[in-house]
Amino acid sequence: MTNSTVMPSVSDYDRIGGAPAIRTVVDRFYDLVLADAELAGYFTGMDIARVKRHQVLLLSQVLGGPVTYDGRDLAAAHRHLEVTGAHYDRVAQYLTGLLWRSDVDTDIIFRVADTLTAVRDQIVAAPSPRPLAAQPAGRRSLTGWLRRKANQRSRG
């Protein structure tokens, strides 16, 4: 028998600071989204405190924290909103950009971006108001943007 100690892996949730950090990110995220004239209309008449609570639980789960999300599945929760691809991409950039400005490690941000890409089709229900050729969508635009940011960060 060997005497080796296995260190438990630390979740992304713990690496960014757990529940307090997630709540701060979600509060700042909704400040940005609700201040955006193109996106604010999606939240008209909604209980923003409840929306934030669900987002904290969902983001916590995505980051490897407690699995306590109790909301509807993403498609059912967003179907009536008719979210466009352009608006979804804008929201995804707000979230990943906020994580970036909060000095979250790049590997975590890319995992969040991968999750956002994976669930995109469950949320986007309406065609973009702009021609698709002029608006890169999905993983390409989000990860491309993140790669440019990572290169800028490493240079200085």
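The values are calculated or read from the model by the stated rules, or taken from the named source; none is laboratory data. What you see is a predicted model, and the numbers here were worked out from it, not measured in a lab. Don't worry about glycine lacking a Cβ; one is built from the backbone with ideal geometry, like all the others, and counts go over all protein chains shown.
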- request: Report whether or not THR84 is touching a strand residue (DSSP E or B) at 6+ places or on another chain (Cβ under 7 Å) and either modelled with pLDDT of 95 or more or more than 21 Å from ILE108 (Cα to Cα) (or both).
  value: yes
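Is one or more of the residues making up region 18-38 in contact with an Asp or Glu (Cβ under 9 Å, 6 or more places away or on another chain), at negative phi and in contact (Cβ under 8 Å) with a residue 24 or more places away in the chain?
So in region 18-38, the residues in contact with an Asp or Glu (Cβ under 9 Å, 6 or more places away or on another chain) come out as none.
Within region 18-38 (the criterion being in contact with an Asp or Glu (Cβ under 9 Å, 6 or more places away or on another chain), at negative phi and in contact (Cβ under 8 Å) with a residue 24 or more places away in the chain), the answer is no, since none of the residues qualifies.
One line per residue, one yes/no per condition, for (1) under 19 Å from THR117 (Cα atoms); (2) of a type in the set (A, V, I, L, M):
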residue: SER9; (1), (2): no, no
residue: ASP14; (1), (2): no, no
residue: LEU58; (1), (2): yes, yes
residue: ARG79; (1), (2): yes, no
residue: VAL83; (1), (2): yes, yes
residue: ASP89; (1), (2): yes, no
message: Testing ILE48 on (1) at pLDDT 95 or above; (2) under 23 Å from ARG148 (Cα atoms), one condition comes back false. Which one is that?
response: (2)
task: Only residues that are assigned to a helix (DSSP H, G or I) and of a type in the set (Gly, Ala, Ser): list them for region 91-117, please.
output: ALA92, GLY97, ALA113
message: Which numbered condition in (1) in contact with a Ser or Thr (Cβ under 9 Å, 6 or more places away or on another chain); (2) in a helix (DSSP H, G or I) is the only one that TYR69 fails?
response: (2)
query: Does region 78-89 contain any residue that is part of a helix (DSSP H, G or I) and farther than 21 Å from LEU32 by Cα?
result: yes
- request: Run GLN61 past the list (1) surrounded by fewer than 17 Cβ atoms within 10 Å (Cβ to Cβ); (2) touching a residue at least 40 places away in the same chain (Cβ under 8 Å); (3) within 29 Å of ARG147 (Cβ to Cβ) and report the number of the one that doesn't hold.
  value: (2)
